[in-house]
Amino acid sequence: METLGLKTSVAKDQEKKAVVAHNRRLGVLLFIVYVIFYGGFMALSAFSPHTMSEPFLGGVNVAVVYGFALIIVPLLLAFIYMRLCRKTSP
């Protein structure tokens, strides 16, 4: 009878490890997405500073708009991460 409990415990442990691995992969993927987005900002700043000073939205330059996007995008990625990591089955 204890072996049945052990199997259930082992199965739950394996399921938990699978969920953690999935969440880790998803987190790393979203982190890479943000690093690429941030790298674009840095590359644009380093190699095309004139572009950063051009008006973009309502007269606000590209640097300011991109800077605000650098604040908003990780928040959106965090919400996406929370939504995708939510376990749907009871």
statement: In this structure, the FRET efficiency calculated for Leu75 and Ser45 from their beta-carbon separation, with R0 = 22 Å, to the nearest 0.05, is 0.50
field: Residue among Gly67, Phe47, Tyr81 farthest towards the positive dipole end of the range 2-85, charges placed on Cβ
entry: Tyr81
statement: At 37 °C in a medium of viscosity 0.692 mPa s, the chain has a Stokes-Einstein diffusion coefficient, with Rh taken as the Kirkwood radius over alpha carbon pairs, in µm² per second, of 200 µm²/s
- prompt: Using the Karplus equation 6.51 cos²θ - 1.76 cosθ + 1.60 (θ = phi - 60°), what ³J(HN,Hα) coupling, rounded to whole Hz, does each residue of the range 50-56 give in order, writing x for Gly and Pro?
  reply: 5, 4, 5, 8, 6, x, 10
- prompt: Phe56's amide H: which non-local residues (gap 5+, or another chain) put their own amide H closer than 5 Å, with H modeled 1.01 Å from N in plane and none for Pro or chain starts?
  reply: Asn61, Val62
query: In degrees from 0 to 90, rounded to the nearest 10, what is the angle of the helix 62-85 Cα long axis to the longest principal axis of the chain?
result: 10 degrees
- prompt: Could you give the angle, 0 to 90 degrees to the nearest 10, between helix 2-47's Cα long axis and the longest principal axis of the Cα atoms of the chain?
  reply: 10 degrees
task: Run the dipole for the range 2-85 about the Cα centre, Lys and Arg Cβ at +1, Asp and Glu Cβ at -1, nothing else charged, and hand back the magnitude in debye, nearest 20.
output: 340 debye
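Values in this text are rule-based calculations from the coordinates and carry no lab data. The structure displayed is predicted, hence computed values, not measured ones. Positions of Cβ are backbone-derived with ideal geometry, glycine not excepted, and every protein chain shown enters the neighbour counts.
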